[in-house]
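Have a look at the structure below, then the notes.
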Amino acid sequence: MQTWKLTLEYDGTRYAGWQVQQNARTVQGELINAAQTFFNTKVDICGSGRTDAGVHALNQVAHLRLKESVLLSGRKIQMGLNDLLPPDIHILKVESPFGGFHARHDAVSRYYIYQISKRRTAFGKQYVWWVKDKLSLETMDKCCKLLTGKHDFHSFCETPKEEKSTIVTVETAQLFTTGDLILFRVGASHFLWKMVRRIVGALVEVGRGNLTVPEFKKLLETKSKDTAPFTAPPSGLFLTQVLYKGDEIKKIEPPFPVR
């Protein structure tokens, strides 16, 4: 058995998410097809976590396993796979880790950035959520501060009954601006399905004045079923980093600047 660690980026616009699905184009599916063509054998590819349809990644991590050993450098594997992949999926690095590396089980935290644009953009539409209304960043920031720590995110999960637990410990939640962008950055050990997009949707409703800070706080303290209307679109969401033991958090930068 031979295992490699893959770090990759992708534009999720054309894909039905990360995970392989029947009759749908996915990032994992494209990777498996490319790897099986390159190695001429079946492979096992597992990501650090799933991203939804339309969600992007700057630094997704996956492991690639082969039953047979091959004498190829990580650089040759990277170049060979990239030649077979579509242009909106790109492998940044291929490493041969020591021990039985598992992309999902060994990850200690994941970080996402969501981009909200304050103006209509001709070039960045598929990478932002354009919110026409003027938002109160001060009020939104008050809600951001409530997110850190251990909470039950039942109200921010698409299918809470399918989760083993809806308790998540959030390491950091920040709101900041750069140019015409409002960026929401969040890091946690793991995320529930659509959790980040529902948080962003609720934060925007707070910024619009349609939801108060106490009402937002209540969503963290009760198991509400009223969050679906607040779900933000996938276009503005980026998986920015997956951390493993010993890794450092990277500098915050907007994935797709809107000036």
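The values are calculated or read from the model by the stated rules, or taken from the named source; none is laboratory data. All figures in this text were calculated on a predicted structure; none of them were measured in a lab. Reconstructed Cβ throughout: ideal geometry from the backbone, glycine too, with neighbour counts over all protein chains shown.
Values for this structure:
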read-out	value
Which numbered condition V43 misses (of (1) in contact (Cβ under 8 Å) with a residue 40 or more places away in the chain; (2) surrounded by fewer than 20 Cβ atoms within 10 Å (Cβ to Cβ))	(1)
Residue ID - surrounded by the most Cβ atoms within 10 Å (Cβ to Cβ), chosen from residues in region 61-88 that are aliphatic (A, V, I, L, M) and under 20 Å from the mean Cα position of the chain (by Cα)	V61
Some residue of region 150-162 being touching a strand residue (DSSP E or B) at 6+ places or on another chain (Cβ under 8 Å), at pLDDT below 95 and over 23 Å from G236 (Cβ atoms)	yes
Residue within region 73-80 that is modelled with pLDDT under 95, assigned to a loop (DSSP other than H, G, I, E, B) and closer than 21 Å to T240 by Cα present	no
Residue within region 196-212 that is at pLDDT 90 or above, among the polar types (S, T, N, Q) and not assigned by TED's automatic domain parsing to the domain that holds Y10 present	yes
Subset of region 51-83 (residues that are charged (D, E, K, R) and without any contact (Cβ under 8 Å) to a residue 40 or more places away in the chain)	R75, K76, D83
Some residue of region 214-236 being out of contact with any Gly (no Cβ under 7 Å at 6 or more places or on another chain), under 17 Å from R110 (Cα atoms) and modelled with pLDDT of 95 or more	yes
Selection within region 163-195 - modelled with pLDDT under 95 and aromatic (F, W, Y)	F176, F191, W193
Condition met for Q28 (closer than 21 Å to R110 by Cβ, at pLDDT 95 or above, in a helix (DSSP H, G or I) and under 21 Å from the mean Cα position of the chain (by Cα))	yes
Yes/no for I91 being of a type outside the set (G, A, S), touching a helix residue (DSSP H, G or I) at 6+ places or on another chain (Cβ under 6 Å) and surrounded by 16 or more Cβ atoms within 10 Å (Cβ to Cβ)	yes
Candidates A35, A103, filtered to the one that is out of contact with any Pro (no Cβ under 9 Å at 6 or more places or on another chain), surrounded by 20 or more Cβ atoms within 10 Å (Cβ to Cβ) and in a loop (DSSP other than H, G, I, E, B)	A103
Any chance L137 is surrounded by fewer than 18 Cβ atoms within 10 Å (Cβ to Cβ) and of a type in the set (A, V, I, L, M, F, W, C)	yes
Number of the exception - C143 against (1) in the same structural domain as R14 (by TED's automatic domain parsing); (2) part of a helix (DSSP H, G or I); (3) closer than 22 Å to V204 by Cα	(1)
